[in-house]
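The values are calculated or read from the model by the stated rules, or taken from the named source; none is laboratory data. The structure presented is a predicted model; accordingly, all values stated were derived computationally and were not measured. All Cβ positions, glycine included, derive from the backbone under ideal geometry; neighbour counts span all protein chains shown. Surface areas here come from the heavy atoms of the whole protein model, side chains and all, with no ligands, DNA or RNA. Shrake-Rupley method; radii C 1.70, N 1.55, O 1.52, S 1.80 Å.
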Amino acid sequence: MEIQKVGVVGAGQMGNGIAHVLALAGYDVLLNDVSQEALDAAIQTIDSNMERQATRGKITSDQHKEALGRIKTDLRLPSLGASDLVIEAATERETVKTAIFEDLVPHLQPHTILTSNTSSISITRLASRTDRPEKFMGFHFMNPVPVMQLVELIRGIATDEEAYKACLTVVDNLNKTAASAEDFPGFIVNRILMPMINEAVYTLYEGVGSVSSIDSSLRLGANHPMGPLELADFIGLDTCLAIMNVLHDGLADTKYRPCPLLTKYVEAGWLGRKTQRGFYDYRQDPPVPTR
Ligand code: NAD
């Protein structure tokens with residue numbers, strides 16, 4: 001099955017990155033959002049991110065111009081009906097996502113593949129709310145999309161091989177690498193990464209090490225490019241806590257219980273870089289540990 005037209009629902013942080021890489025790979029992209037400001041901001045972000053890539057010699061200015069020309073925006077969801085593939089990247093709330101799929105389905109062509117970029121909602125459950133669970137998958141990009149190499153492709157219980165292969169071809173055309181995952185909480189990356197971060201917070205909570213000794217241990221002792229607490233601040237401590245709760249609830253195993261110290265930081269509104277304070281205080285340069 002040949003995919004040429006891709007609809008992207010949600011023009012936030014992930015949606016604009018997804019539109020960016022698809023357009024550079026030659027796909028026609030129709031980007032949808034409920035907010036005109038989000039659509040305008042997305043086009044501006046894509047333009048400036050491509051400009052930076054051109055300045056660094058990663059793309060030519062012709063590629064920049066042509067790719068930008070392949071992205072159209074539309075506030076009306078039914079306009080995505082002509083797409084061969086839809087990637088939903090709207091707000092991480094199940095009611096929002098199911099409403100999008102229910103509104104979209106009557107306008108789709110029979111061959112259209114539906115996918116979601118969700119980090120934590122069951123693909124099988126989302127698929128069951130559509131008319132085509134066999135053509136429904138998880139298409140999970142990492143943030144920031146233009147930089148990160150991996151895409152997790154998640155099969156729901158009913159996903160057929162044709163849909164999977166069509167999505168795999170798209171990932172190949174983006175020059176990215178796919179990891180195939182089954183539909184269980186956290187898929188692969190978050191299932192492994194978040195318990196590691198949570199364990200680093202426990203290590204801090206129990207006084208085994210300070211923020212800087214924990215981060216330098218993993219950087220220098222395990223060759224991680226970033227320490228786990230630094231990385232948690234980068235991801236957002238609210239996001240880390242939400243994913244731990246998904247693992248804890250979905251896998252019903254106490255080994256996934258979120259560390260009380262992580263909960264405390266979130267309750268304080270110390271969410272990491274985005275609020276200027278988390279395990280480090282970013283109001284000073286260089287940032288200083290908060291414990
Ligand atoms: P975001 O808040 O930056 O963007 C969400 C966008 O969806 C907003 O522009 C909002 O206006 C729009 N939206 C809300 N309801 C809509 C609707 N009914 N129709 C169309 N658009 C609608 O969020 P994000 O960080 O880009 O996350 C989007 C999705 O990607 C989520 O499912 C999230 O779990 C997933 N994800 C996020 C990350 C990350 O690091 N941020 C990584 C991987 C996957």
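Quick rundown of the values:
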{"quantity": "Checking Asn32 against (1) near the ligand (Cβ under 10 Å from one of its atoms); (2) within 16 Å of the chain's Cα centre (by Cα); (3) not charged (D, E, K, R), the condition it does not meet", "calculated": "(2)"}
{"quantity": "Number of positions in segment 185-198 that are open to solvent by 40 Å² or more (accessible area, probe 1.4 Å) and touching a Cys at 6+ places or on another chain (Cβ under 8 Å)", "calculated": "0"}
{"quantity": "Contacts under 9 angstrom Cβ, first residue in segment 35-51 being farther than 13 Å from Gly15 by Cα, partner open to solvent by less than 30 Å² (accessible area, probe 1.4 Å) and away from the ligand (no atom under 11 Å from the Cβ), 6 or more apart", "calculated": "Asp47/His64; Asn49/His20; Met50/His20; Met50/Ala23; Met50/Ile59; Met50/His64; Met50/Ala67; Glu51/His64"}
{"quantity": "Selection count, segment 199-229, where residues are open to solvent by 50 Å² or more (accessible area, probe 1.4 Å), within 18 Å of Leu271 (Cβ to Cβ) and either in a helix (DSSP H, G or I) or modelled with pLDDT under 95 (or both)", "calculated": "1"}
{"quantity": "Residue within segment 105-121 that is among the small types (Gly, Ala, Ser), near the ligand (Cβ under 10 Å from one of its atoms), under 21 Å from Thr169 (Cα atoms) and open to solvent by less than 40 Å² (accessible area, probe 1.4 Å) present", "calculated": "yes"}
{"quantity": "Every pair of residues 6+ apart whose Cβ atoms lie under 7 Å, when the first sits in segment 163-176 and is assigned to a helix (DSSP H, G or I) while the second is surrounded by 14 or more Cβ atoms within 10 Å (Cβ to Cβ) and of a type in the set (Ser, Thr, Tyr)", "calculated": "Cys167/Thr115"}
{"quantity": "Residue among Glu182, Glu134 that alone is open to solvent by 30 Å² or more (accessible area, probe 1.4 Å), closer than 19 Å to Phe101 by Cβ and either among the basic types (Lys, Arg) or touching a residue at least 12 places away in the same chain (Cβ under 8 Å) (or both)", "calculated": "Glu134"}
{"quantity": "Checking Phe234 against (1) open to solvent by less than 60 Å² (accessible area, probe 1.4 Å); (2) in a helix (DSSP H, G or I), the condition it does not meet", "calculated": "(1)"}
{"quantity": "Residues within segment 137-171 that are more than 10 Å from the ligand (Cβ to nearest atom), open to solvent by 10 Å² or more (accessible area, probe 1.4 Å) and of a type outside the set (Gly, Ala, Ser), tallied", "calculated": "14"}
{"quantity": "Residue match in segment 275-290 (condition: surrounded by fewer than 16 Cβ atoms within 10 Å (Cβ to Cβ) and within 30 Å of Asp183 (Cβ to Cβ))", "calculated": "no"}
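Yes/no matrix, rows are residues, columns are (1) within 16 Å of the ligand (Cβ to nearest atom); (2) not β-branched (Val, Ile, Thr):
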site: Thr203; (1), (2): no, no
site: Leu237; (1), (2): yes, yes
site: Asp253; (1), (2): no, yes
site: Leu262; (1), (2): no, yes
site: Tyr265; (1), (2): no, yes
site: Gly278; (1), (2): yes, yes
site: Arg291; (1), (2): no, yes
